[in-house]
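Report on one structure; see the data block that follows.
The values are calculated or read from the model by the stated rules, or taken from the named source; none is laboratory data. All figures in this text were calculated on a predicted structure; none of them were measured in a lab. Note: ideal-geometry Cβ built from the backbone for every residue, glycine included; neighbour counts use all protein chains shown. The accessibility values were calculated without ligands, DNA or RNA, using every heavy atom of the protein model including side chains. Shrake-Rupley method; radii C 1.70, N 1.55, O 1.52, S 1.80 Å.
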Amino acid sequence: MNELLHNVLLADWFSDLTRDMDHDQRFVLVIVGIGCATGIVCALSTFILHTINSMHRRRVEAELKREMLDRGMSPSDIATVIEAAGPPEDGTQRWIASWAKRSKSS
């Protein structure tokens, strides 16, 4: 049981892995690892937040369309207003727009 606990600890695993390295090499390895982890976290959080923002914009646009229908605007007037808005700015927004179109046609 004690040996199993000993192998589970990350510090022991890292010590076994870097046993043949000197102190400077371990330091560089740790710095590179922290840099890679930071880059991955930043990239994922940027993608997630951008996707949430795009979904929010789509929801606001849908509410605007519903409100215009409730006010009695014709579908051609609504299409004119929506088409006046710029196209999606980047790949994520285009992907969400195509996903929303597919779900409506289903």
When you check Asp24 against the structure, is it assigned to a helix (DSSP H, G or I), over 30 Å from Thr92 (Cα atoms) and at pLDDT 85 or above, yes or no?
yes
Go through the residues of the stretch 8-15 one by one and say whether even a single one is part of a helix (DSSP H, G or I), touching a His at 6+ places or on another chain (Cβ under 6 Å) and either open to solvent by less than 100 Å² (accessible area, probe 1.4 Å) or modelled with pLDDT under 95 (or both).
yes
For the stretch 86-106, which residues satisfy the criterion of being at pLDDT 70 or above and surrounded by 10 or more Cβ atoms within 10 Å (Cβ to Cβ)?
Thr92, Gln93, Arg94, Trp95, Ile96, Ala97, Ser98, Trp99
Mind listing just one residue for me: the one in the stretch 38-69 that is open to solvent by 90 Å² or more (accessible area, probe 1.4 Å) and basic (Lys, Arg) and, of those, nearest to Thr80 (Cα to Cα)?
Arg66
Residues (surrounded by 10 or more Cβ atoms within 10 Å (Cβ to Cβ) and of a type in the set (D, E, K, R)) located in the stretch 70-79
Asp77
